Amino acid sequence: MTVFKRNPDVVAEVLLRAKGTCERCKSPAPFTRKSHQTPYLEVHHIIRLADGGKDTIENTLALCPNCHRELHFGAD
């Protein structure tokens with residue numbers, strides 16, 4: 001199994017860019033993280049790292065958990 005190293009600076013920048021709002025459905029983050037008191041969103045790669053996508057700000061979106069799961073497991 002290949003393990004991809006994620007750049008924490010990319011994650012931080014994408015979450016800042018989103019300003020607490022899902023970049024897909026435009027809903028506010030569903031809850032606040034206990035650890036940092038920041039909006040909970042998940043960073044998703046538009047082109048998967050496994051498919052040659054880059055770990056860059058341009059190739060990522062901050063998503064609510066529902067949108068993130070739908071992109072990975074939804075029928076469409």
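Structure notes:
- Ranking Asn59, Pro39, Thr21 by how far each Cα lies toward the positive end of the dipole of the chain (charges on Cβ) leaves Pro39 at the top.
- On Cα atoms only, tilt of 8-18 relative to the major axis of the chain in degrees: 50
- Pair Val3, Asn59: separation of 7 Å Cα→Cβ label points (nm): 2.0
- Within the chain, longest stretch clear of exposed trypsin sites (Lys or Arg not before Pro) (DSSP loop, no more than 13 other Cβ within 10 Å): 49-76
- Sequence-distant contacts, meaning Cα pairs under 8 Å at least 6 residues apart, place the relative contact order of the chain at 31 percent.
- Dividing the summed helix terms, -39500 (n - 2.57) for each DSSP H run of n ≥ 4, by the number of residues in the chain produces a 222 nm estimate of -7500 deg cm²/dmol to the nearest 500.
- For log10 I(q)/I(0) by the Debye sum over Cα atoms at q = 0.13, 0.16, 0.17, 0.22 Å⁻¹, the value calculated from this model appears in [x] -0.39, -0.58, -0.66, -1.04; [y] -0.58, -0.75, -0.80, -0.94; [z] -0.66, -0.81, -0.83, -0.94 under label [x].
Bear in mind these aren't lab numbers, they're just calculated from the coordinates by the rules spelled out. Predicted model, so just to flag it, every value in this text is computed and none were measured. Ideal geometry is used to build each Cβ from the backbone, glycine not excepted, and the neighbour counts take in all protein chains shown.
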